[in-house]
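Presented below is the structure to which this report refers.
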Amino acid sequence: MTARLLFALSLLTVQHLSASAQRLEFAPGAQYDARIPSLKSVTGHDFGSRVTTPEEIIRYLKALNEAAPDRTRLIKYAESWEGRELYAIVIADADRVRRLDEIKAGLRRLSHPASLSQADAERLIKELPVVVALIHGVHGNEISSGEAAMAEAYHLLAAQNDATVDLIKRQSVVIIDPMQNPDGRARFIFQNLLGQASTPDPEPAAAEHDEPWPGGRSNHYLFDLNRDWFAQTQPESQGRVKLLLEWAPHVVADLHEMGGESTYYFPPTAEPPNPHMTKIQAGWLEAFGRANAARFDERGFAYFNREVFDAFYPGYGVSWPIAQGAIGMTFEMASARGLAYRRQDEATLTYLDGAVRHFTSAITTAATASRNREKMLRDYLEFRRNAGAGMTKAYLLPIGYDAGQTLRLVRTLVNNGVIVRRAEEPIKLDSGTLPAGTFIAPLSQPAGMLLRNLLDPQAPMNADFLRRQESRRQKRLPDQIYDITAWNLPMLYDVECVGVDRELNVKSSAVDAASVTPSVTGEIALPDAIVGYALPWNATSAAAVIEALQSGLRARFLNQPFTIAGHRFAKGAAIFRSPDNGADLKSKLAAIAARHGAEVVKLDSAFVSEGTSLGSNQVVALKSPNVLLAWDAPTSSVSAGWARYVLERRYGQSVTAVRVNSLNRVDLRRYDVLILPSGTYAFNADSLRRIKDWVSAGGTLIAVAEAARWAARETVGLLDTRTELRDGAPESEPVAGPSGTIKSDKPESAGRTSDFTRAIQPVREQPELTPGAILRVRLDEDHWLASGADGEIQALVEGTRVFTPIKLDKGSNVGIYAMKDRILASGLMWNAAMEQLPQKAFLIHQPMGQGHIIAFAEDPNYRAYAEMTQFLFINAVLLGPAY
Ligand SMILES: [Zn+2]
């Protein structure tokens, strides 16, 4: 006979710290099957009594899977950069687990309904479970959700005679991902343990709560994985998206933590919603919100809705699922950032408090979905049938100057579950003809809403919301935009994308991710060449050249246009001369070019029919650069992480990350490039002198965003231009008194309100903030920093930096923002920025002695999906040392 155990999940808690000294139970009154292992039996500690490590979480999932193999499936879906495994556990009743593959096939048919008959659809809706994905801990320091995840799985498997659990078992399949970011969680736990007192210290400023740089929020490359859903630059995101595309969940709840003074947040979401979210989806958010509210009211848990967390940006765990037709939700719990935290109201918030509330919302969500199974499936099917419909019928992506970038963009779309086809014949449009091989992304498809999010030139915000923000800006209150307002990938990749407003009748074939991978399997055959080989310069060839240089091949570079034997190199080229290299040049280069998908042109003669000669002094020798990256405080961790990722993983360029405080210990002469990620540095005069001497002796210093602003300070003196205040005055100019600055020579026509408005304008005010928009930048195509790029590119701009263009005798403005009528490519820019930013500097080159200072006004490596500005960054790293 089975011993039934009345098992309150939280027998061992940090009771002595709890203000009410009342034990919090996950599910009061629940009875549990003793055959299902408790956390304590597997790890030695109870739920909520210790911050469970990533390894313990996996061990527990495996134990649950072993104890209930008939009702669970354990899926390893990714491996983190630091080698940790990412698992999801699928929980369903035994009959469903037995037929799981058949059910998955049915879910796929429902999510790809093009050829689904109404009769089949009805049958599927009758038979299929609703799929609920509960995903946790995308931010590694938001710890309580991982604890809740284990309790959710335990509860669903072990609770007996529980009507809610029985309902969930009857109607749904639940997928629990306990930890989307194990590297971040491990980092948090390590730092927390280092700082830990003998008993958990609730003092908010205690070392155990106070994470040193870079904190546990991000993954190994310091990315915010909750912004990476569509770009999928990180393995954790790649695996997770693949898993969700496979299971096509109807509900996705993403569980987070926020500041310890808060309560609990669940939908309805804050404004603005993603512009493509349907009314039906909004209705479901309201329904789930009300159900959670009812349960929270019963349990006496405080909560709020609508205030803060929007679902506008499609790269969140809430909005990406919405764009796929699911009901995506963010849940946020106040964080104890450890085991106990003293709030301002003197109550003690515990880790267990967080776990219990997350458990409550997660189980309530699964129950709400189960209660509404049929209607949810019906609405989901309707969404997937009609997604993306609108005036624009398809987007066309012709292969451009850099074929690799087009392929990379198409592969990203395919990895998001978007159906893309390749034209097998030319496409005739009113504006001209696009060649065969052009990619076609039809909008009327199940992932059409996500596609519109990614390729529409603009994601509109509702007018009421914008008016409110405009009025807040007038009062100098911050806007309520939670993230960026533009992310258009073709713009950021500088890949042509043409919208067509009629159905295309073109012979085409479907593409999969493998068929749009730039690299070629095996070796490409290179013909013998007398003089050598040339690679037309672009992002794709740059990665190949970096590998070639690291493998010992020698290359030269010409940034001017030239023509040899009828082949036009319009934007410069890397040249591998036979006499500079060994006999293995051909085979080595062939293998490298194939890996990167780079174009290689053989040169049998160096005779140039047009343009600069290959023997010209303008041809420079490239070297494999030794690159230093400033790391640790005061750098912005994302900026440092993005730079490191773009160098190491996107371009294969090795880089040495050195903590800012240790830079003085480095023999700078060993390095060609020093990168200062965004941050306000505080080098003393000696350190600054050392850096300037190194630059003068030939070093290339790259300053990014806030580092560029710091470099432009008069007292720093690295960059001979200034950043501006809102009125255009240099930021480093002494402050004028308030009375002296408010003056107007204009005749007064307005009344007292206007006087009043003028009188309250702040002095020495920062420029207007741009909330993450894509702006057009004009490049000086003659400058080597712009090699391989078009005369006009798009850059992601976020913040308040305005750089006065540098004077001609000091340096070059390689990139400047376009004129007012053209500056905004996508997103939102307030009026004052629209007035001030046109023709201000985006990319500055300032020679210093034998070296260079290169300043980017904005982060060129933004989230590692600003491909074109990343390429300019690589130009700086690779070409700086050559010039
Ligand atoms: Zn979070």
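The values are calculated or read from the model by the stated rules, or taken from the named source; none is laboratory data. Here the structure is a predicted model, which is why all the values come from computation and not from measurement. Using ideal geometry, Cβ is built from the backbone for each residue, glycine included, and neighbour counts are taken over all protein chains shown. Protein only, heavy atoms only, side chains kept; ligands, DNA and RNA dropped before computing areas. Shrake-Rupley method; radii C 1.70, N 1.55, O 1.52, S 1.80 Å.
Restrict the check to segment 322-341 and report whether at least one residue is over 19 Å from Leu285 (Cα atoms) and in a helix (DSSP H, G or I).
No, segment 322-341 contains no residue that is over 19 Å from Leu285 (Cα atoms) and in a helix (DSSP H, G or I).
Please enumerate the residues belonging to segment 790-816 that are under 24 Å from the mean Cα position of the chain (by Cα), part of a loop (DSSP other than H, G, I, E, B) and closer than 12 Å to Phe842 by Cβ.
From segment 790-816, those under 24 Å from the mean Cα position of the chain (by Cα) are 793-801; that's our starting set.
Keeping just the survivors that are part of a loop (DSSP other than H, G, I, E, B) gives 800-801.
Arg801, the sole residue that qualifies.
Show the residue pairs that are 6+ apart or on different chains and have beta-carbon atoms under 8 Å apart, the first residue being within segment 58-84 and free of Cβ contacts under 8 Å to residues at least 60 places away in the same chain, the second being part of a strand (DSSP E or B) and of a type in the set (Gly, Ala, Ser).
Cβ pairs passing all conditions: Leu74/Ala88.
Scan segment 331-339 and give yes if some residue there is more than 16 Å from the ligand (Cβ to nearest atom) and either modelled with pLDDT of 95 or more or buried (at least 24 other Cβ atoms within 10 Å of the Cβ) (or both), otherwise no. Reasoning before the result, please.
Restricting attention to segment 331-339, the residues satisfying the condition of being more than 16 Å from the ligand (Cβ to nearest atom) are 338-339.
The next check asks that each one be either modelled with pLDDT of 95 or more or buried (at least 24 other Cβ atoms within 10 Å of the Cβ) (or both); those that pass are 338-339.
Scanning segment 331-339 turns up at least one residue that is more than 16 Å from the ligand (Cβ to nearest atom) and either modelled with pLDDT of 95 or more or buried (at least 24 other Cβ atoms within 10 Å of the Cβ) (or both).
Considering each residue of segment 1-48, count those that are closer than 20 Å to Asp162 by Cβ and either modelled with pLDDT under 50 or hydroxyl-bearing (Ser, Thr, Tyr) (or both), and give that number.
Qualifying residue count, segment 1-48: 12.
Test each condition in (1) more than 16 Å from the ligand (Cβ to nearest atom); (2) crowded, with 22+ Cβ neighbours inside 10 Å; (3) not β-branched (Val, Ile, Thr) for Lys126 and report the one that comes out false.
Of everything listed in (1) more than 16 Å from the ligand (Cβ to nearest atom); (2) crowded, with 22+ Cβ neighbours inside 10 Å; (3) not β-branched (Val, Ile, Thr), Lys126 misses just condition (2).
The rows are residues; the columns are (1) more than 30 Å from Ala513 (Cβ to Cβ); (2) in contact with a Phe, Trp or Tyr (Cβ under 8 Å, 6 or more places away or on another chain); (3) within 16 Å of the ligand (Cβ to nearest atom).
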{"position": "Gln234", "(1), (2), (3)": "no, yes, yes"}
{"position": "Pro267", "(1), (2), (3)": "yes, yes, yes"}
{"position": "Ala270", "(1), (2), (3)": "yes, yes, yes"}
{"position": "Ile280", "(1), (2), (3)": "yes, yes, no"}
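If you check Ala287 against the conditions, is it outside any loop (DSSP other than H, G, I, E, B) and surrounded by fewer than 23 Cβ atoms within 10 Å (Cβ to Cβ)?
Values: outside any loop (DSSP other than H, G, I, E, B): yes; surrounded by fewer than 23 Cβ atoms within 10 Å (Cβ to Cβ): yes.
When the stated conditions are applied, Ala287 passes them.
Between Ser519, Ser578, Ser508, which is farther than 20 Å from Gly400 by Cα and open to solvent by 10 Å² or more (accessible area, probe 1.4 Å)?
Values: Ser519 fails: farther than 20 Å from Gly400 by Cα; Ser508 fails: farther than 20 Å from Gly400 by Cα.
After ruling out the rest, the residue left standing is Ser578.
From the list Ser587, Ser551, pick out the single residue that is open to solvent by 40 Å² or more (accessible area, probe 1.4 Å) and in contact with a Lys or Arg (Cβ under 7 Å, 6 or more places away or on another chain). Please lay out each step first, then the result.
Working: Ser587 fails: in contact with a Lys or Arg (Cβ under 7 Å, 6 or more places away or on another chain).
Result: Ser551 is the single residue among Ser587, Ser551 that is open to solvent by 40 Å² or more (accessible area, probe 1.4 Å) and in contact with a Lys or Arg (Cβ under 7 Å, 6 or more places away or on another chain).
Return yes or no: is Val174 outside any helix (DSSP H, G or I), more than 16 Å from the ligand (Cβ to nearest atom) and under 24 Å from Val42 (Cα atoms)? It would help to see each step written out before you state the result.
Values: outside any helix (DSSP H, G or I): yes; more than 16 Å from the ligand (Cβ to nearest atom): yes; under 24 Å from Val42 (Cα atoms): yes.
The answer is yes for Val174.
Say whether the condition of being open to solvent by 40 Å² or more (accessible area, probe 1.4 Å), basic (Lys, Arg) and away from the ligand (no atom under 16 Å from the Cβ) is met by at least one residue in segment 87-97. Before the answer, list the steps.
In the first step, residues of segment 87-97 are kept if they are open to solvent by 40 Å² or more (accessible area, probe 1.4 Å); the result is 93, 95.
Next, only the ones that are basic (Lys, Arg) stay: none.
No: zero hits.
Yes or no: segment 342-351 includes at least one residue that is out of contact with any Cys (no Cβ under 6 Å at 6 or more places or on another chain) and within 24 Å of Ser237 (Cα to Cα). First the steps, then the outcome.
From segment 342-351, those out of contact with any Cys (no Cβ under 6 Å at 6 or more places or on another chain) are 342-351; that's our starting set.
Filter once more, keeping what is within 24 Å of Ser237 (Cα to Cα): none.
Among the residues of segment 342-351, not one is out of contact with any Cys (no Cβ under 6 Å at 6 or more places or on another chain) and within 24 Å of Ser237 (Cα to Cα), which makes the answer no.
Identify, from the list Ala423, Ala394, Ala441, Ala436, the residue that is open to solvent by less than 30 Å² (accessible area, probe 1.4 Å), farther than 30 Å from Gln281 by Cα and modelled with pLDDT of 95 or more. Walk me through how you get there before you give the answer.
Numbers: Ala394 fails: farther than 30 Å from Gln281 by Cα; Ala441 fails: farther than 30 Å from Gln281 by Cα; Ala436 fails: open to solvent by less than 30 Å² (accessible area, probe 1.4 Å).
Of Ala423, Ala394, Ala441, Ala436, the one residue that is open to solvent by less than 30 Å² (accessible area, probe 1.4 Å), farther than 30 Å from Gln281 by Cα and modelled with pLDDT of 95 or more is Ala423.
(1) without any contact (Cβ under 8 Å) to a residue 60 or more places away in the chain; (2) open to solvent by less than 40 Å² (accessible area, probe 1.4 Å); (3) in contact with a Ser or Thr (Cβ under 7 Å, 6 or more places away or on another chain); (4) away from the ligand (no atom under 16 Å from the Cβ): which one isn't true of Tyr303, the others all being true?
(2)
Pick out the one residue from Ala151, Ala205, Ala197 that is away from the ligand (no atom under 15 Å from the Cβ), of a type in the set (Gly, Ala, Ser) and assigned to a helix (DSSP H, G or I).
Details: Ala205 fails: assigned to a helix (DSSP H, G or I); Ala197 fails: assigned to a helix (DSSP H, G or I).
Checking each option against the conditions leaves just Ala151.
Is there a residue being in contact with an Asp or Glu (Cβ under 7 Å, 6 or more places away or on another chain), open to solvent by less than 10 Å² (accessible area, probe 1.4 Å), closer than 19 Å to Asp402 by Cβ and touching a residue at least 24 places away in the same chain (Cβ under 8 Å) anywhere in segment 784-794?
So far as segment 784-794 goes, yes, one or more of its residues are in contact with an Asp or Glu (Cβ under 7 Å, 6 or more places away or on another chain), open to solvent by less than 10 Å² (accessible area, probe 1.4 Å), closer than 19 Å to Asp402 by Cβ and touching a residue at least 24 places away in the same chain (Cβ under 8 Å).
Determine whether segment 850-859 contains at least one residue that is surrounded by 23 or more Cβ atoms within 10 Å (Cβ to Cβ), of a type in the set (Gly, Ala, Ser) and in contact with a Pro (Cβ under 8 Å, 6 or more places away or on another chain).
Scanning segment 850-859, I find no residue that is surrounded by 23 or more Cβ atoms within 10 Å (Cβ to Cβ), of a type in the set (Gly, Ala, Ser) and in contact with a Pro (Cβ under 8 Å, 6 or more places away or on another chain), so the answer is no.
Residues in segment 130-145: is at least one within 16 Å of the ligand (Cβ to nearest atom), out of contact with any Pro (no Cβ under 8 Å at 6 or more places or on another chain), at pLDDT 95 or above and part of a strand (DSSP E or B)?
yes
Within segment 213-260, count every residue that is open to solvent by 20 Å² or more (accessible area, probe 1.4 Å), part of a helix (DSSP H, G or I) and closer than 24 Å to Pro677 by Cα.
Looking only at that region, the number is 2.
Within segment 50-69, can you find the residues that are open to solvent by less than 20 Å² (accessible area, probe 1.4 Å) and either at pLDDT below 95 or assigned to a loop (DSSP other than H, G, I, E, B) (or both)?
Val51, Thr52, Ala68
Here are some residues: Asp345, Asp353. Which one is open to solvent by 10 Å² or more (accessible area, probe 1.4 Å), without any contact (Cβ under 8 Å) to a residue 12 or more places away in the chain and within 30 Å of Pro204 (Cα to Cα)? Don't jump to the end; show me each part of the working.
Numbers: Asp353 fails: without any contact (Cβ under 8 Å) to a residue 12 or more places away in the chain.
None of the others qualify; the one that does is Asp345.
Which numbered condition in (1) among the aromatic types (Phe, Trp, Tyr); (2) closer than 30 Å to Tyr264 by Cβ; (3) in contact with a Leu (Cβ under 8 Å, 6 or more places away or on another chain) is the only one that Phe383 fails?
Result: Phe383 fails condition (3) only.
Just name the residue that is surrounded by the most Cβ atoms within 10 Å (Cβ to Cβ) out of those in segment 817-840 that are assigned to a loop (DSSP other than H, G, I, E, B) and not hydrophobic (A, V, I, L, M, F, W, C).
The first filter runs over segment 817-840 and keeps only residues assigned to a loop (DSSP other than H, G, I, E, B), leaving 818-823, 827-830, 837-840.
In the following step, the residues that additionally are not hydrophobic (A, V, I, L, M, F, W, C) were identified as 820-822, 827, 838-840.
Values: Lys820: 13, Asp821: 8, Arg822: 13, Gly827: 25, Pro838: 18, Gln839: 14, Lys840: 20.
Ranking the qualifying residues of segment 817-840, first place goes to Gly827.
Going by the conditions given, is Arg722 open to solvent by 80 Å² or more (accessible area, probe 1.4 Å), modelled with pLDDT of 95 or more and over 30 Å from the mean Cα position of the chain (by Cα)?
Numbers: open to solvent by 80 Å² or more (accessible area, probe 1.4 Å): no; modelled with pLDDT of 95 or more: yes; over 30 Å from the mean Cα position of the chain (by Cα): yes.
No; evaluated as a whole, the condition is false for this residue.
Give the residues of segment 692-709 that are open to solvent by 10 Å² or more (accessible area, probe 1.4 Å) and part of a helix (DSSP H, G or I), sorted by residue number. It would help to see each step written out before you state the result.
First, pick out the residues of segment 692-709 that are open to solvent by 10 Å² or more (accessible area, probe 1.4 Å): 692-694, 696-698, 706, 709.
If the condition is that a residue be open to solvent by 10 Å² or more (accessible area, probe 1.4 Å) and part of a helix (DSSP H, G or I), then Lys692, Asp693, Trp694, Ser696, Glu706, Arg709 are the ones that fit.
So that you can scan it fast, the table gives a plain yes or no per residue for (1) open to solvent by 50 Å² or more (accessible area, probe 1.4 Å); (2) among the polar types (S, T, N, Q); (3) over 27 Å from Leu785 (Cβ atoms); (4) within 37 Å of the chain's Cα centre (by Cα):
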residue: Arg556; (1), (2), (3), (4): yes, no, no, yes
residue: Asn559; (1), (2), (3), (4): no, yes, no, yes
residue: Thr563; (1), (2), (3), (4): no, yes, no, no
residue: His596; (1), (2), (3), (4): no, no, no, yes
residue: Glu610; (1), (2), (3), (4): yes, no, no, no
